[in-house]
Amino acid sequence: MIDQRRLPAEYSIVTLESAAAVAEAIREMVVRGAPAIGASAAFGLALAAARSTAASSAELWKDLRAAEQMLRASRPTAINLGWALDRMLDRAQAHTEQDPDALRGLLVAEAQRIADQDVAINRRMGSHGAALIQDGDTVIHHCNTGALATVDYGTALGVLRTAQEDGKSIHVLVDETRPRLQGARLTAWELDQYGIEHEIIADNAAGSFLQAGQVASVLVGADRIAANGDVANKIGTYMLALAAHDNRVPFYVVAPTSTIDLSVVNGEQIPIEERPAAEVLNLQADGEPIAPSGSRARNPAFDITQHRLVTAIVTEVGVLRPPYVFALAEAVKSARSQWTSS
Ligand code: MRU
């Protein structure tokens, strides 16, 4: 996989040879973005199966369970991680009568299916969402939701790519996305390659652009969507949604149905990852740390945007509008029948 920590300065590929290495890569954000970590975890489990020396399916199952727990614990907020692992385990469990080699083959194939379907799903979200973008629009985008955050193409960035492929001219204001700067580092890097016009803005400039009437819509991805439509996404999303709402600018969330978690009733039940304080304190100017030495910091990686602030949720099965409770449940049902049987 691409080592996303080194972009844009360096495009380097790392090779991971065990489930433990995949779990570590997810935790350290070598790979990041909800769909990308889901697909990575699936390949991590396939790797655990391939590497296991188990001679019976029962022994292989034990090795799979150990790897699954390690992978599941690597990051807590994005549900795509658990979704992909559950799908892999369901596949294995349905074929426990098969010999271990057949099971290994099934798991590798299922991981590849998850990856291939992710790209197809992103393309579908792209065409549903592009209808919301008009020629000449300026939009604000938060974090990174492009090819890097998925297997390929992207969610919210995928919508912008489709709009551009449809011949629309768009301008993207790219939130830097402190503290890890996924916007300034990764989204700007991707948009440059797609030839989409963009400017990087400090996160705290977004409200002012919205207030000035210069923004047609705001587009973000999601790490988990609760049954009522509350959205967990990169820290800063909530403030952006508030500013969009106050200025009557549409706020669109673009996410596959694998990001919807009907088992959590609302956003308060979604676990929010707290990352190391060093990610906040490491900021430097002229080689010197900005913060006084010994400063303490808080670093929640995600926040919750209440469903009342979300204009629409773009999924692979269509654009969902409030009330979300019914729309989300229907979308999950319809996606399940489309993607798990094929
Ligand atoms: O901490 P990250 O970089 O993994 O957070 C990523 C985001 O918050 C994205 O917006 C989300 O995963 C959707 S990516 C298609």
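The values are calculated or read from the model by the stated rules, or taken from the named source; none is laboratory data. The structure presented is a predicted model; accordingly, all values stated were derived computationally and were not measured. Here the Cβ positions follow ideal geometry from the backbone for every residue, glycine too, while neighbour counts run over all protein chains shown.
Scan the range 62-72 for residues that are in contact with a helix residue (DSSP H, G or I) (Cβ under 7 Å, 6 or more places away or on another chain) and surrounded by fewer than 23 Cβ atoms within 10 Å (Cβ to Cβ) and the total you get is 4.
If you check 97, 110, which single one turns out to be modelled with pLDDT under 95, surrounded by fewer than 24 Cβ atoms within 10 Å (Cβ to Cβ), away from the ligand (no atom under 15 Å from the Cβ) and farther than 25 Å from residue 200 by Cα?
Within the list 97, 110, the selection yields 97.
Between 65, 87, 104, the distinction of being more than 26 Å from residue 222 (Cα to Cα), in contact (Cβ under 8 Å) with a residue 40 or more places away in the chain and assigned to a helix (DSSP H, G or I) belongs to 104 only.
Would a scan of the range 125-142 turn up a residue that is part of a helix (DSSP H, G or I) and of a type in the set (Ser, Thr, Tyr)? Scanning the range 125-142 turns up at least one residue that is part of a helix (DSSP H, G or I) and of a type in the set (Ser, Thr, Tyr).
For the range 220-267, filtered to residues that are free of Cβ contacts under 8 Å to residues at least 40 places away in the same chain and out of contact with any helix residue (DSSP H, G or I) (no Cβ under 9 Å at 6 or more places or on another chain), the residue that is surrounded by the most Cβ atoms within 10 Å (Cβ to Cβ) is 265.
Within the range 259-281, is even one residue part of a loop (DSSP other than H, G, I, E, B), over 25 Å from residue 327 (Cα atoms), hydrophobic (A, V, I, L, M, F, W, C) and at pLDDT 95 or above? Within the range 259-281, one or more residues are part of a loop (DSSP other than H, G, I, E, B), over 25 Å from residue 327 (Cα atoms), hydrophobic (A, V, I, L, M, F, W, C) and at pLDDT 95 or above. What's the total number of residues in the range 268-301 that are out of contact with any helix residue (DSSP H, G or I) (no Cβ under 8 Å at 6 or more places or on another chain), closer than 17 Å to residue 234 by Cα and surrounded by 14 or more Cβ atoms within 10 Å (Cβ to Cβ)? The total comes to 9.
Summed over the range 14-41, the residues that are away from the ligand (no atom under 16 Å from the Cβ) and outside any loop (DSSP other than H, G, I, E, B) give a count of 3. Residue under question is residue 214, and the condition is that it be assigned to a helix (DSSP H, G or I) and surrounded by fewer than 18 Cβ atoms within 10 Å (Cβ to Cβ); does it hold? When the stated conditions are applied, residue 214 does not pass them.
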